[in-house]
Ligand code: NI
């Protein structure tokens with residue numbers, strides 16, 4: 001495994017549409033492994049393939065120390081609304097309030113080629129939305145409903 005370079009806002013790759021994954025090749029498996037290591041190293045909540053320079057529909061979301069690997073993910077159900085704090089490894093030191101569904105269900109393929117669904121509420125729902133947005137070239141700053149002051153960030157992040 002390897003720690004990959006995380007591209008930062010301003011890099012045009014973050015604004016591009018990702019291509020779906022067809023066959024799950026050893027290269028895709030290696031990418032998933034490297035993305036996981038990169039996410040652990042960066043201590044983030046999620047990571048999408050374009051953030052490591054790969055325009056494929058792949059993302060990883062951390063949930064209670066487990067990693068949910070999403071290949072060709074799609075949000076198939078949304079419920080409720082939340083306005084909470086969000087950040088991104090590609091936009092360092094920026095925290096904003098975004099409006100997201102309180103609960104989402106995602107359908108995706110795992111590394112074995114099996115389709116599955118996962119439902120997340122709160123932080124996990126935000127992470128699913130945030131990472132899947134990356135696959136369409138969207139950043140959380142596009143969606144932000146309010147910019148936080150440094151004092152507010154400190155308070156909300158503890
Ligand atoms: Ni992000």
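If I ask for residues that are crowded, with 16+ Cβ neighbours inside 10 Å and either without any contact (Cβ under 8 Å) to a residue 24 or more places away in the chain or out of contact with any helix residue (DSSP H, G or I) (no Cβ under 7 Å at 6 or more places or on another chain) (or both), which ones from region 103-122 would you list? The answer is 105, 108, 109, 118. For region 124-139, filtering for residues that are surrounded by fewer than 22 Cβ atoms within 10 Å (Cβ to Cβ) and over 9 Å from the mean Cα position of the chain (by Cα) leaves 5. Restricting region 33-84 to residues that are surrounded by 18 or more Cβ atoms within 10 Å (Cβ to Cβ) and more than 17 Å from residue 110 (Cβ to Cβ), the residue that is farthest from the ligand (Cβ to nearest atom) is 54. When region 98-115 is filtered for residues that are under 16 Å from the mean Cα position of the chain (by Cα) and part of a strand (DSSP E or B), the ones remaining, listed by number, are 98, 99, 100, 103, 104, 105, 106, 107, 108, 109. Pairing residues of region 126-144 that are over 15 Å from residue 61 (Cα atoms) and touching a residue at least 24 places away in the same chain (Cβ under 8 Å) with residues that are outside any helix (DSSP H, G or I) and within 10 Å of the ligand (Cβ to nearest atom), at Cβ distances under 7 Å and at least 6 apart in sequence or on separate chains, gives 139/9; 139/88; 139/91; 140/86; 140/88; 141/91.
We did not get these values from a lab; they are worked out from the coordinates using the rules stated. What you are looking at is a predicted structure, and each value in this text was computed from that prediction instead of being measured. Glycine also receives a Cβ, built like all others from the backbone with ideal geometry; neighbour counts cover every protein chain displayed.
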